[in-house]
């Protein structure tokens, strides 16, 4: 019997329709159309295995049912599940799945297969593999995400965070979206590679769309093969008596599962250090919070010189990213006050600074300062290869907004009327519904602070609250959309 071409699907097949991507990359691999390359060199892969890879990549982070894979790769044919297992085994072998800590495809028992490695969309430049390699001991930790060549304003964070991690074992690096948690966690992973003798595992939970995949993602990263729905027990048993560092990145959208697993590991495996990054605390036993604060910016109205303004890391990052984007103008003393104003409006949030800086060559400093008062800044796009929730400020805030309840959303929107700091009493005055208990606003405000959407600062024996500028612009648009903004 002659089989139809592999990967052919009927017009109504949703799987086929979702595979219209130009290029993707993962680990040392890149896939363009049906050409798979490793470090720029073509990789031979059978047509069925190629179809399976393309389908799993198009749904990275999701469990794709076996029946759906079979109907896509063997369209119109009745084949046994053993055929799927054979071709998945071929695919894993070609990718080197399981070697040197690399994990790409995991089997979720009774459900299907999931592509668990981070995936980048779009083209990338892949350097040729060098003929001469450094000794393995001196090689960079290839299992970790790429570390920025230059990390501005966090030099004092890494030593303190490393010390906290070694002494407390379980630390959550907490802060609002775009502040640089993943960047700091990646740098720390590289710094602590030798201290943990190469036993550092970096788990990126951001791509996961199903919280139940947390444990299986960790199991896959550790090289465990499990044959039941919940591998948590197997993970804990494996980690007992071992010494390694687990970094759980972007926990906020899978927080219940991540918190449960982290607490079990902390309790049962005393040799394991855990660093979580999240917009909110995990709220479990053993967790110690390390708050990642915004980059310090120059004070406004202080009449500082250009050199004095550039002593502040927020200004340094802005100029560094502007230069990388092709802006070659020098900052003069006349520009210093404008730059200080820009940094103030960007609140020391690294992502906001980078998105604005790359546009200086188009608008100029003074025009940029004016544009930052508009909602336009929420839509400025960043790196093409960044995760979707980090490509714009609006997308980052959409991510956070989607993780809070309806009452918290309502309160956040109404707090947007405050252009500066406000008190709990003020929050209740503007956010409480007529006749509603003030406690509801207080509870919602507490959750917004916990989820890094509202900042809280001591004010004597009390607290004052504030929305970051980008958050306020976002919340104000939501207030307008809800028809509650004053005319």
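Coordinate-derived values only; no laboratory data. As the structure is a computational prediction, the values presented were derived from the model and not from experiment. Virtual Cβ from ideal backbone geometry, glycine too; neighbours counted across all protein chains shown.
Match the structure shown to one of the listed values (i) 31; (ii) 26; (iii) 23 of percent of Cα pairs over 41 Å apart, computed from it, and give that label. It is the value labelled (ii). Ordering 260, 359 by the number of other Cβ atoms within 10 Å of each residue's own Cβ, fewest first, gives 260, 359. Ranking of 240, 48 by neighbouring Cβ atoms within 10 Å, starting from the fewest: 240, 48. Rounded to the nearest 500, what is the 222 nm mean residue ellipticity of the chain from helices alone, with -39500 (n - 2.57) per DSSP H run of 4+ residues and division by all residues? Value at 222 nm, helices only, nearest 500: -11500 deg cm²/dmol. Packing around the peptides 224-233, 67-76, taken as the average count of other Cβ atoms within 10 Å per residue, puts them in this order, highest first: 67-76, 224-233. Among 281-292, 177-188, sorting by the average number of other beta carbon atoms lying within 10 angstrom of each residue, highest first, gives 177-188, 281-292.
In the chain, the longest principal axis of the Cα atoms and the axis of helix 333-346 are about 60 degrees apart. Ranking of 239, 355, 77 by neighbouring Cβ atoms within 10 Å, starting from the fewest: 77, 239, 355.
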